[in-house]
1. Name the single residue, out of those in the range 56-103 being polar (S, T, N, Q) and in a helix (DSSP H, G or I), that is surrounded by the most Cβ atoms within 10 Å (Cβ to Cβ).
2. Please determine, by comparing only the residues of the range 22-37 that are among the β-branched types (Val, Ile, Thr) and surrounded by fewer than 23 Cβ atoms within 10 Å (Cβ to Cβ), which one is nearest to Gly58 (Cα to Cα).
3. Quickly run through the range 38-55 and pick out the residues that are more than 14 Å from Ser72 (Cβ to Cβ), open to solvent by 30 Å² or more (accessible area, probe 1.4 Å) and either assigned to a helix (DSSP H, G or I) or without any contact (Cβ under 8 Å) to a residue 12 or more places away in the chain (or both).
4. Restricting the search to the range 136-167, which residues are within 17 Å of Ile223 (Cα to Cα) and surrounded by fewer than 16 Cβ atoms within 10 Å (Cβ to Cβ)?
5. Out of the residues in the range 104-115 that are open to solvent by 40 Å² or more (accessible area, probe 1.4 Å) and of a type outside the set (Asp, Glu), which is nearest to the ligand (Cβ to nearest atom)?
6. Give Pro48, Pro130, Pro63 a once-over and let me know the one that is within 16 Å of the ligand (Cβ to nearest atom) and touching a helix residue (DSSP H, G or I) at 6+ places or on another chain (Cβ under 9 Å).
7. Testing Gln231 on (1) closer than 30 Å to Glu9 by Cβ; (2) free of Cβ contacts under 8 Å to residues at least 40 places away in the same chain; (3) open to solvent by 80 Å² or more (accessible area, probe 1.4 Å), one condition comes back false. Which one is that?
8. Can you tell me which of (1) over 14 Å from the mean Cα position of the chain (by Cα); (2) open to solvent by 60 Å² or more (accessible area, probe 1.4 Å); (3) within 20 Å of Leu110 (Cα to Cα) is the one Leu171 doesn't meet?
Amino acid sequence: MEAAPIQSESFNLGFIGAGKMAESIARGVVQSGVLPPQRISTAINSNPHRGIAFQSLGVSLLPHNSDVVEHSDVVIFSVKPQVVKNVVLQLRPLLSKKKLLVSIAAGVKLKDLQEWAGHGRFIRVMPNTPSAVGEAASVMSLGGAATEEDGELVAKLFGSVGKIWRADEKLFDAITGLSGSGPAYVYLAIEALADGGVAAGLPRELALGLASQTVLGAASMAIKSGKHPGQLKDDVTSPGGTTIAGIHELEKSGFRGMLMNAVVAASKRSQELSNRLQISFFFLDERVNRFLHNSLLPLSFFVRFYSYWLVLMHAIAIFLSIYLKKTGNECE
Ligand SMILES: NC(=O)c1ccc[n+]([C@@H]2O[C@H](COP(=O)([O-])OP(=O)(O)OC[C@H]3O[C@@H](n4cnc5c(N)ncnc54)[C@H](OP(=O)(O)O)[C@@H]3O)[C@@H](O)[C@H]2O)c1
């Protein structure tokens, strides 16, 4: 059955997982007027306090995840990555192709999501924490059966909490390393700038305010001016001036290389974690899966090491037997 396009003005949106990220998205969607709160629903899992934030927005709290799915045309899975498989599989009988499915679970691949749901009208989105203040940098990738209209609808939803790009799913680990982990690098930079200000004699509060606003202002300049950051830097470095003296110190400490390394390290870690998620069995408890993973991974390294060792020994044995045969023949 072909999936009918969802009317972008009058659809119902449901969140499976009423956590922080779901709350940010729901708030953005309501405050930007993309959807009225009556069209949004979620269900509380175990923590009743989570309901308060959603209720204050006017979002409906339904008793079960299944009620949320039944009431929704677009379902956003916003549970932790370790539980997304169980949750999708439990709801599978209700996840018809009429519903557009979205996952924001970090590291969970479209191939798996589509398999668990039983169809490919799935979109994977990687948002980041500044969605809480409407400044997210999100990226989405469309599953096999998601249409252009589905992509536009999701862009509209996530556009209400920041900016959203579209990219091939194979780039998601790199995206995680840059925009997923990036806010933390910038927090570190803000703290360090403020510490520098204090070291140079500023009161702490003033230093922190100046550091945060300077980062915000510089980011705005990079986005709004349309100029390359290198050009913006050149524009503010006068010969023999203060800024070039500061930049010289940063370059001596390998500032750019450190940031590049941070992004590459976080991307690699994202890849490792998403591979780790694959070694799990949906019919087993999460703790059993964690135990199996912890025991299977070292075992797989051991098997790999042992097989390399066997191949090497085999090669040495063949070489020796040829050599001995040859020298034996020569002696005869
Ligand atoms: N936070 C970020 O910056 C960020 C960025 C990118 C992607 N993400 C992704 O967004 C997802 C949510 O992250 P978050 O920070 O919002 O986490 P969170 O605040 O812990 O939210 C997860 C929610 O899922 C609920 N939940 C757990 N099991 C459930 C079940 N079986 N049925 C229904 N709800 C269930 C939890 O409820 P209880 O607490 O009551 O169990 C909790 O409210 C994760 O997959 C994460 O990878 C987050």
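1. Restricting attention to the range 56-103, the residues satisfying the condition of being polar (S, T, N, Q) are 56, 60, 65-66, 72, 78, 82, 86, 90, 96, 103.
Then keep just the ones that are in a helix (DSSP H, G or I); that gives 56, 65-66, 82, 86, 90.
Details: Ser56: 11, Asn65: 22, Ser66: 15, Gln82: 16, Asn86: 18, Gln90: 14.
The qualifying residue surrounded by the most Cβ atoms within 10 Å (Cβ to Cβ) is Asn65.
2. Going through the range 22-37, the residues among the β-branched types (Val, Ile, Thr) turn out to be 25, 29-30, 34.
With the extra rule that they be surrounded by fewer than 23 Cβ atoms within 10 Å (Cβ to Cβ), the set shrinks to 30, 34.
Numbers: Val30: 9, Val34: 14 Å.
Of everything passing the filter in the range 22-37, Val30 is nearest to Gly58 (Cα to Cα).
3. Ser46, Asn47, Pro48, His49, Arg50, Ile52, Gln55
4. Within the range 136-167, Lys163, Trp165 qualify.
5. Taking the range 104-115 first, the residues open to solvent by 40 Å² or more (accessible area, probe 1.4 Å) are 106, 109, 111, 114-115.
From what's left, of a type outside the set (Asp, Glu): 106, 109, 111, 114.
Details: Ala106: 3, Lys109: 13, Lys111: 17, Gln114: 17 Å.
Checked the range 104-115; the qualifying residue nearest to the ligand (Cβ to nearest atom) is Ala106.
6. Values: Pro48 fails: touching a helix residue (DSSP H, G or I) at 6+ places or on another chain (Cβ under 9 Å); Pro63 fails: touching a helix residue (DSSP H, G or I) at 6+ places or on another chain (Cβ under 9 Å).
Result: Pro130 is the single residue among Pro48, Pro130, Pro63 that is within 16 Å of the ligand (Cβ to nearest atom) and touching a helix residue (DSSP H, G or I) at 6+ places or on another chain (Cβ under 9 Å).
7. Failing condition for Gln231: (1).
8. Against the list (1) over 14 Å from the mean Cα position of the chain (by Cα); (2) open to solvent by 60 Å² or more (accessible area, probe 1.4 Å); (3) within 20 Å of Leu110 (Cα to Cα), Leu171 comes up short only on (1).
The values are calculated or read from the model by the stated rules, or taken from the named source; none is laboratory data. Because the structure is predicted, anything quoted here is derived from the model rather than measured. Heads up, the Cβs are rebuilt from the backbone with ideal geometry, glycines too, and the neighbour counts pull from every protein chain shown. Quick note on the areas: whole protein, heavy atoms, side chains included, nothing else; ligands and nucleic acids left out. Shrake-Rupley method; radii C 1.70, N 1.55, O 1.52, S 1.80 Å.
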